[in-house]
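The values are calculated or read from the model by the stated rules, or taken from the named source; none is laboratory data. Every value quoted in this text rests on a predicted model; they were computed, and no experiment measured them. Virtual Cβ from ideal backbone geometry, glycine too; neighbours counted across all protein chains shown.
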Amino acid sequence: MEMEDVLSGGPDRPPCRPPRWMIVAGAALVLVAGLVVGIVAVGGDDSPEQAVLPSPLSPSPSGSTPFPSPVEPGPDVSFAPGPDATVLLGRTPGLVITGVSPARGYTLSRLDPAAHNGPWTVTVRRQDGALARRGAVVTFPVPKLSLGRDVKVGDVTGYAREGEVIWPLAGAYARVRGDLPLAELLRIAAATTVVSGRPAVTAAPGLTVTSTGTARPSHVTEARYGADEVGEADALGHGLVFTQAAARCGGIEDQLYEADARPYGTVHGHPAVVTSALDGNGVLAWEPAPGVVAYVGYSGASLDKNALAALHRLAERTRILTPGQWQSTHPQELQETSK
């Protein structure tokens with residue numbers, strides 16, 4: 001399907017703007033909810049209820065947005081347009097839409113210290129590859145899956161489905177998922193070993209290991225805006241717009257492959273992909289620096305041509321921030337639990 005076609009994943013038409021009394025009431029509820037979340041986070045409760053926000057790029061079960069709609073602008077923490085900050089190794093940058101402040105209280109730092117104890121990933125690409133294009137992600141360990149046809153991975157038998165191979169490795173199972181031909185996926189699988197419990201890939205000629213990291217991000221920065229505030233309500237509906245950034249997390253690219261994300265131009269010169277199968281009604285993602293995934297998403301109208309164009313305009317208005325600049329927005333810190 002060409003990207004000019006309509007991508008489904010949301011309501012058939014933008015929701016109507018609510019009357020003023022509903023907006024005022026909604027603002028009060030959002031502020032109260034923010035105070036409750038802050039109290040829980042400070043209290044350090046590790047129960048699952050603490051993870052009140054959805055995981056990055058994880059679909060809502062109902063298909064509708066799990067986010068509240070921001071209705072009140074926050075303090076003036078807007079940033080002027082400018083070049084992306086240099087992303088230092090081991091640091092997670094912020095990502096904002098320039099020229100407008102996020103909704104009040106809606107810059108977030110979502111932390112998952114347990115992510116390092118879960119599965120790890122290795123991202124492999126062709127020399128002409130980019131985010132979720134012409135590459136693959138190896139994840140170890142993963143649950144056993146015996147669906148698909150039998151294939152040989154070295155001297156063991158694995159299982160192949162469209163775009164992925166799962167095979168036994170080091171007393172568990174590993175998976176390679178991507179948009180490469182099956183022969184190349186099998187070649188990557190055969191070149192995978194486990195060192196100290198983490199996967200390692202010896203890339204064959206024509207392929208390059210671009211990053212390694214956890215399957216789930218240990219730190220995600222997020223900013224939320226009203227579609228009205230960023231000037232895109234006509235195309236996106238009167239709902240939520242959000243930005244997110246994560247570093248050294250191949251699991252996000254793995255999900256983009258699973259969701260069959262499709263190429264959609266470039267953002268600041270970096271190839272971008274779009275999908276309606278993940279958060280909200282759609283996200284546009286790109287890689288501003290090696291190993292860093294950035295994306296803009298929204299919830300409101302269906303992901304049609306106008307919405308795609310609006311997402312791209314917003315992505316071009318984004319700016320990568322240094323950790324220090326990000327902290328100047330006074331983000332809430334939320335502890336989350338790995339799945």
Residue count, region 193-212, condition more than 23 Å from residue 246 (Cβ to Cβ), crowded, with 20+ Cβ neighbours inside 10 Å and in contact with a Phe, Trp or Tyr (Cβ under 8 Å, 6 or more places away or on another chain), comes to 0
Restricting attention to region 269-276, does a residue exist that is surrounded by fewer than 18 Cβ atoms within 10 Å (Cβ to Cβ), of a type in the set (A, V, I, L, M, F, W, C) and farther than 21 Å from residue 219 by Cβ? no
Of all the residues that make up region 226-268, how many are aliphatic (A, V, I, L, M), in contact with a helix residue (DSSP H, G or I) (Cβ under 7 Å, 6 or more places away or on another chain), crowded, with 21+ Cβ neighbours inside 10 Å and in a loop (DSSP other than H, G, I, E, B)? 1
Would you confirm, using the coordinates I've provided, whether residue 100 is more than 25 Å from residue 196 (Cα to Cα), at pLDDT below 95, of a type in the set (Val, Ile, Thr) and over 19 Å from the mean Cα position of the chain (by Cα)? yes
Quick one: how many residues across region 282-307 are outside any strand (DSSP E or B) and surrounded by fewer than 22 Cβ atoms within 10 Å (Cβ to Cβ)? 6
Across region 266-305, what is the total count of residues that are closer than 20 Å to residue 251 by Cα and of a type outside the set (Asp, Glu)? 25
Return the only residue of 223, 215 being under 20 Å from residue 130 (Cα atoms), among the hydrophobic types (A, V, I, L, M, F, W, C) and modelled with pLDDT of 95 or more. 215
Does residue 296 satisfy the condition of being outside the structural domain of residue 134 (by TED's automatic domain parsing), touching a His at 6+ places or on another chain (Cβ under 8 Å), modelled with pLDDT of 95 or more and of a type outside the set (Gly, Ala, Ser)? no
Report yes if some residue within region 135-156 is outside the structural domain of residue 323 (by TED's automatic domain parsing), in contact with a His (Cβ under 9 Å, 6 or more places away or on another chain) and assigned to a loop (DSSP other than H, G, I, E, B); otherwise report no. no
Quick one: count up the residues across region 130-174 that are polar (S, T, N, Q) and either in contact with a helix residue (DSSP H, G or I) (Cβ under 7 Å, 6 or more places away or on another chain) or at pLDDT 95 or above (or both). 2
Would you be able to say whether some residue in region 227-243 is at pLDDT 95 or above, more than 14 Å from residue 103 (Cβ to Cβ) and of a type in the set (S, T, N, Q)? no
Qualifying residues in region 97-111 (those that are within 21 Å of residue 248 (Cβ to Cβ) and out of contact with any Gly (no Cβ under 9 Å at 6 or more places or on another chain)) - the one surrounded by the most Cβ atoms within 10 Å (Cβ to Cβ): 110
Screening 180, 131, 95 for residues that are within 26 Å of the chain's Cα centre (by Cα), under 30 Å from residue 316 (Cα atoms) and assigned by TED's automatic domain parsing to the domain that holds residue 317 leaves only 95
Taking interchain pairs and intrachain pairs at least six residues apart, which have beta carbon atoms under 7 angstrom, with the first residue in region 192-216 and of a type in the set (Asp, Glu) and the second surrounded by 20 or more Cβ atoms within 10 Å (Cβ to Cβ) and part of a strand (DSSP E or B)? none
When residue 319 is run through (1) basic (Lys, Arg); (2) assigned to a strand (DSSP E or B); (3) under 13 Å from the mean Cα position of the chain (by Cα), the failure sits at (3)
Would you call residue 316 acidic (Asp, Glu), surrounded by fewer than 19 Cβ atoms within 10 Å (Cβ to Cβ) and under 19 Å from residue 91 (Cα atoms)? no
Strands (runs of 3 or more DSSP E) within region 173-223 that include 1 or more residues among the hydroxyl-bearing types (Ser, Thr, Tyr): 192-195, 207-214
